[in-house]
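I have placed the structure first, in the form of structure tokens, so that the comments after it can refer back to it.
The values are calculated or read from the model by the stated rules, or taken from the named source; none is laboratory data. All values reported here derive from a predicted model rather than from experimental measurement. Note that we place each Cβ from the backbone using ideal geometry, even for glycine, and neighbour counts take in every protein chain shown. These area figures cover heavy atoms from the full protein model, side chains too; ligands, DNA and RNA do not enter into them. Shrake-Rupley method; radii C 1.70, N 1.55, O 1.52, S 1.80 Å.
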Amino acid sequence: MAILDIIIAPDPRLKITAKPVKKVDASVRRLMDDMLETMHSARGIGLAAPQVGDKRRVIVVDVAGEDEAPNPIRMANPELLWTSDEERVHEEGCLSLPEQYAEVVRPDRIRVRYLDYRNEIRELETDGVLATCIQHEMDHLDGVLFVDHVSALKRRMILRKLQKAKKLAALENA
Ligand code: NI
């Protein structure tokens, strides 16, 4: 396995629409494993392929707490089959928007269909943090970031901060 570089916003590579995988083969499995390792090492609870510069519709999530056993879920081509009318507010963050957080409203409960690690079609119905996290990661596959769900003012503020941090980092590395 390998730890991949995580792309930091703003970056056009985070705005792409990812392409469905034809089959979960060895190459997709390796991407899933590398993404999980990358996510765990960055202490994240979810990661989508575009965040590591890959254009395939692949996400990984693991919302287990620090003192719980890991519960990694690997999904290719995730698709929402149903979402509840009931909503849930969660203060979201993102490995591509370090140290930035905002409250986002999403459906509380979802049913999602996807291809698993063995290329088998699976369905999962879930709610709470896991449902929020899956929806957040699925958004990445369509070029949508959590800041796209908040007010334009808040979004501009966050993106400006990230841009500034990037410039500073570039200067320090020059
Ligand atoms: Ni994210």
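A count restricted to the stretch 113-137 and to residues that are of a type in the set (V, I, T), assigned to a strand (DSSP E or B) and open to solvent by less than 30 Å² (accessible area, probe 1.4 Å) stands at 1. Quick one: is M1 among the hydrophobic types (A, V, I, L, M, F, W, C) and open to solvent by 70 Å² or more (accessible area, probe 1.4 Å)? Taking the combined requirement at face value, the residue satisfies it. For the stretch 138-161, filtered to residues that are over 27 Å from L115 (Cα atoms) and crowded, with 19+ Cβ neighbours inside 10 Å, the residue that is farthest from the ligand (Cβ to nearest atom) is I158.
Within the stretch 116-126, at least one residue is of a type in the set (A, V, I, L, M), touching a residue at least 24 places away in the same chain (Cβ under 8 Å) and away from the ligand (no atom under 15 Å from the Cβ). If only residues of the stretch 26-46 that are without any contact (Cβ under 8 Å) to a residue 60 or more places away in the chain, within 14 Å of the ligand (Cβ to nearest atom) and in contact with a strand residue (DSSP E or B) (Cβ under 6 Å, 6 or more places away or on another chain) are counted, the one that is nearest to P78 (Cα to Cα) is M35. Scan the stretch 93-104 and give yes if some residue there is under 25 Å from L159 (Cβ atoms) and in contact with a Ser or Thr (Cβ under 6 Å, 6 or more places away or on another chain), otherwise no. No, there is no match, as no residue in the stretch 93-104 is under 25 Å from L159 (Cβ atoms) and in contact with a Ser or Thr (Cβ under 6 Å, 6 or more places away or on another chain). Candidates are the residues of the stretch 47-89 that are over 20 Å from G143 (Cα atoms) and within 16 Å of the ligand (Cβ to nearest atom); the one that is least open to solvent (accessible area, probe 1.4 Å) is D62.
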